[in-house]
Amino acid sequence: MNVELRKKAKELLKTKQVEMIIGYQRGPDGISATPVFITREEEAENLIWDVYCVYNLSNYLKDFPGKKIGIIAKECDVRSIIVLLQENQLKRDDIFIIGVECSGVIAEHTLASGKESPGELDFDEKCKACRPSTPRLYDYLVSQKDQKDKGVLPEENPYQDIRKFEAKSIEERFKFWQEEFSRCIRCYACRQICPMCYCPRCVADQTMPTWFSRAPDLEGNLAWNVIRAFHLAGRCIDCGECERACPVGIPLREVNKKIEKDIKELFDYEAGAGVDQKPLLSCFDQNDPEDFIR
Amino acid sequence: MNKSQIPDHSPQKNSGDRNLKAPIKDFEPKIVGFLCNWCSYAGADLAGTSRIKYPPNIRVIRVPCSGRVNPLFVLNCLMNGVDGVLVSGCHIGDCHYSEGNFYARRRFAILKRLLEYIGIDPRRFQMAWVSAAEGERWAKLVGELVEEIKEAGPNEHFGGNR
Amino acid sequence: MLKSITKEDFFTRVGELSNDFEIIGPMELPLKGIFYQSILNTEDLYLGDGFAIEPIKKFFLEPSTRLLRYPWKNEPGVESFSPPERERIAIGVRPCEAKGLVLLDSVFDPPASSDLIPNSAPGAGKKSSNRAGSTYQDAFYTNNRKRTIIVGLACGRPDRCCFCTSLGVSPAGTTGMDVLLFEIEGGFAIEIITDRGKGIFGALGKELSEEEKKLLTSVNNKREDLLEKKIRVPESMDTIFTSDYWDKVSRSCISCGICTYLCPTCHCFDLIDERRIKLRCYDGCSFPHFTLHASGENPRPTKKERYRQRVFHKFDYFKINFGENLCVGCGRCIRFCPVKIDIGDIVDKAPLSKKR
Amino acid sequence: MKNIYLPHVVEIVDVQEETPDVKTFKLKFRDNVVEESFDYRPGQFVELSVFGEGEAPFCFSNSPTRRNVIECSVKRMGQVTEALHEMDTGDTVGIRGPYGNGFPLEDLKGKNLLFVAGGIGLAPLRSLINYCLDNRKDYKTLTIVNGARTSKDLMYRNEYPVWEKAKDTSLHLTVDCQEENWTCMVGVVPKVLEQIKPTCGNSVAIVCGPPIMIKFTMPTLLKLGFCEDAIITTLEMKMKCGLGQCGRCNIGHLYVCKDGPVFSYSQLKDKNFQF
């Protein structure tokens, strides 16, 4: 399938349908993948697609406004492109989506443990909650016919862990998050890697006023992590990049998932369902639940 | 304390020794209320002009609409040691701007659940609809709120050492 | 002085020392990684082959340091926080990190010499010192350095991101150490380097036999060979400042702060006034607002300029000012980069022949 | 050991509105001992702090030769300047410094001096101009070219009559576009310089203004015959510490806060303008 991918990429560049293709190439360690930005046909030979291609490349689309960009995207990446389209951050005509079929990517942190081959490695947690393997939106699809996948099976109940955690006492919950957030170093990798975090000036960097402490203390870290997740309500498509990028292992997906579950229950809303969908917080329903309001 | 000798709390463990608040038995909570200009603020005003007595624990911040209230306002209050936050607006259908409170309702439904998930007592963040005619109701609401937050106790996780 | 000591004796001694000193050391948090923490229980001390995620820097140049407390409006008296006095022992510090501290010393604890202070000679024109950069001594950093004894641990298993030997650091290097431990069968070989080190571990263990010494030397000699990654570090990068190379290598950068925050030598900081307290917090040259003027002007507007600044600061500017690279090859920025940008690779492959 | 961040407390004794968005603050030390020992040169700067809001660097805008107060001119721009503009006489602020190298006063002796200022860039130059006027015998002719967007944005207007009357001193004012009742020159600073054709022999040009003005003025001065060493400028960069430690204000290996803010054109050219 890499052959087909490269062929299509060359064709797109040759016919000038796109100015650049954002894809994956093999990293300097010879195992993992890294993002690559291709503008010349011969460079297309570097393109790859396999279980090591964990990144959500749609994060880079904001770097090239007004350019025609081809992007290699799996199902979860496509969902984030859809959200960006919903929010008018992209023009549909400016992007050419080369969809790739995905049966799960590896959990990247396990690479550090010395394991290398796909069979030994675990699939990423996010893939266990993901259902379809064909992207819901694409301009060209590279199908995965030459690879008999052992892909992950979707979990029966994707919010099982969240429910379990909700059942704990309030003190336990606070203690858990206090400990997790205490490790936060405020490097903002979670924000920077997120395709949805495109604010020109993030609330964390604002000084007039300063919304919450910029020091990595309890108040600052908690406020930052809560507001980061909140700003993704109805927008997070669970690509898991924030959690992967976090150098100190804070389970950020567990916060994102909580909101995902809530909005499903409260508003029957799923982020990134379709381009015509309205963003969750800029619309409402007359009958939205209000049992929490006095 | 000697001027030059403020004990330093190293950043690694500045979560301890934070309870600088009053003991619980005579605990008077500090509550911040974000009140919409058109209904709830007028309602609170009515309570005042009608000389209805209610606890003085609430500090009112007037906002144009409950839809103006940013979750950051709520977090900022809680992180600075406020014991409870109330967002109050017009009843559904009465919004001066037609739909501001609809947006607020969605937004805070999510925030309320999220704060609870993180381990912040749900009693500390409350939302209400109070109309301009409901002076009586406003006073009752504040009374209940103060009782609830007294039960919840001081917000000792945050805002100490400041 | 080289001695051997059993693990048991070592930990017993650390336990004794914890009465008088705060013990800092690596601790393994399950599923999260290794973190330097204040150790309350000597059993928590992790002295294996793994590396801590954050460098020991965070105990010297802290993620946030309280500098001043301000009065309420128009009241008198700005108060200085007094630096803490408790003495500490940092155990398990890697040679690269200790070297990193020595490099930080030149910024925060520069040699005090009146002729280096530019303000001392009125009318002295452009520069009265031949060295650019800081000449001010920072009380908080210096105090943290002074009150801490450093007990190092030689590296037994460098990983594929480590490249310290390319920067003149050895996996068994003693720069910046008071004591250095080598893991040997049944315990540690312990090298006492300074008098402070002698003070805490001097009375311990027995002299190594000639045979053991030989064995240790041969192991030490092999340590450097364990490093797969070797890079060529140029004398100067001046010629490629304007190269489009920087555009290429920085394209996948996401402008987060991981590389700078986790670097044992990065020391850029921000001063923040919050609730009448002045704090010093980490900041990084990779953030877009790092150099953003209030007017909206930004001299480093894109990732290209920002990434170049990081590389130049490490491998060019600092060398001009202090004669050394501001990199110790610990590999953290490579290990934890979410998009696998490899600074070693970038420096190694820099097209130096290309003139500006 | 001394906490290098500890500021001296100064009181605002006077606030003068220079332009719609620039105010000049006159500051007096609370502590007489500090006042005695506080010495500075034109071109140096201080870190002014509004307690609880933050710190920002400002240059001295008055000459050390006529100092009973310290003067800083502040343009309303960001968090700190906003807070400063809200302040009034009697309020206290913090001050630490002086920092930076300042103008090379010795090297300028015996030279014709050309001052080129744009907008608030006149602030550090005013300090130097008045210093030169107070040491008049040390310096030859003084030519001042001062530009602003509009006549409303011209700073230190009450100084102009004094400067115009001073011996061997000329003042050229310019605004970007023609205005009603405006009798001086019109046009951006580089254009005006070409008209004035200041003498380049035994001269030094001292330039301060917004980055865009500096950028276009430099080539003009070179064209007029000024040599690279004879063009000096004082730069602004985002600064936090003022001590050469926080790492954001460097141009190449030089730190604007410590090795600057005064640089010669040749110094910057050597560093290839490595911002």
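Rank C:202, C:50, C:296 by mean-square fluctuation in a GNM of chain C with C-alpha springs under 10 angstrom and give only the top-ranked residue. Between C:202, C:50, C:296, it is C:296 that shows the largest mean-square fluctuation.
Over all pairs of different C-alpha atoms in segment A:160-282, the reciprocal of the mean inverse distance, the Kirkwood hydrodynamic radius, equals 15.4 Å. Stretching the chain fully between residue C:137 and residue C:220 yields a gain of 26.3 nm (0.36 nm per residue, less the alpha carbon separation). Cα extents for segment A:2-142 along the principal axes, largest to smallest and rounded to whole angstrom: 41, 34, 24. Between the beta carbons of residue D:11 and residue D:168, assuming R0 = 45 Å, the FRET efficiency works out to 0.75 to the nearest 0.05.
On the beta carbon distance between residue A:120 and residue A:156, with R0 = 25 Å, the FRET formula returns roughly 0.45. Output the relative contact order of segment C:2-348, whole-number percent, from Cα pairs under 8 angstrom with separation of 6+ residues. Once divided by the residue count of segment C:2-348, the mean separation gives 21 percent.
Loop-located trypsin sites (Lys or Arg not before Pro) in segment B:42-76 (DSSP state other than H, G, I, E, B) with a sparse environment of at most 11 neighbouring Cβ atoms within 10 Å: B:51, B:53. Find, among the trypsin sites (Lys or Arg not before Pro) in segment A:1-99, those assigned to loop by DSSP (not H, G, I, E, B) with at most 10 other beta-carbon atoms within 10 angstrom. Taking segment A:1-99 and a limit of 10 other Cβ atoms within 10 Å, the loop trypsin sites (Lys or Arg not before Pro) found are A:16, A:40. Pull out a ≥ b ≥ c, the square roots of the eigenvalues of the alpha-carbon gyration tensor of segment D:105-234, then state rounded if a/c is under 1.5, prolate if not and a/b is larger than b/c, and oblate in the remaining case. In terms of gyration-tensor shape, oblate. Modelled this way, with points 7 Å down the Cα-to-C-beta line, the labels at residue C:72 and residue D:28 are 2.6 nm from one another.
Using the Cβ-Cβ distance between residue D:160 and residue D:186 with R0 = 22 Å, the FRET efficiency computed as 1/(1 + (r/R0)^6) comes to roughly 0.80.
Take B:85-96, D:94-105, B:140-151 and order them by the average number of nearby Cβ atoms within 10 Å per residue, most first; the result is D:94-105, B:85-96, B:140-151.
Here is how the number arises for chain A: DSSP H runs of 4 or more residues each give -39500 (n - 2.57), the sum is divided by the residue count, and the result at 222 nm is -8500 deg cm²/dmol.
A straight Cα-to-Cα reach below 16 Å connects residue B:140 with the aspartates and glutamates B:45, B:148, residues fewer than 8 places away in its own chain not being considered.
Remark: spin-label model distance residue A:270-residue A:41 equals 4.2 nm, labels positioned 7 Å along the Cα→Cβ axis. Restricting the calculation to Cα atoms, segment B:28-152 yields a radius of gyration followed by a Dmax of 13.5, 40 Å.
With only the Cα atoms considered, segment D:8-99 has a convex hull volume of 87 Å³ per residue. Does segment C:208-356 come out rounded, prolate or oblate, given a ≥ b ≥ c as the square roots of the eigenvalues of its C-alpha gyration tensor, rounded meaning a/c under 1.5 and, failing that, prolate meaning a/b above b/c? Here segment C:208-356 falls in the oblate category. In terms of its alpha-carbon gyration tensor, the protein assembly as shown comes out rounded; the largest-to-smallest axis ratio a/c stays below the 1.5 threshold.
Comparing Cα centroids, segment B:109-162 and segment C:171-237 end up 59 angstrom apart.
The stretch between residue C:247 and residue C:294, if pulled fully straight at 0.36 nm per residue, gains 14.3 nm over its current Cα-Cα span.
Look at the stretch A:284-293: the mean tally of other chain Cβ atoms within 10 Å of its residues' Cβ atoms is 6. Other protein chain C-beta atoms within 10 Å of residue C-beta, averaged over A:266-277: 1.
We did not get these values from a lab; they are worked out from the coordinates using the rules stated. Keep in mind that what you see is a predicted model, and the values were worked out from it rather than measured. Cβ coordinates were reconstructed from backbone atoms using ideal geometry, including for glycine residues, and neighbour counts include every protein chain displayed.
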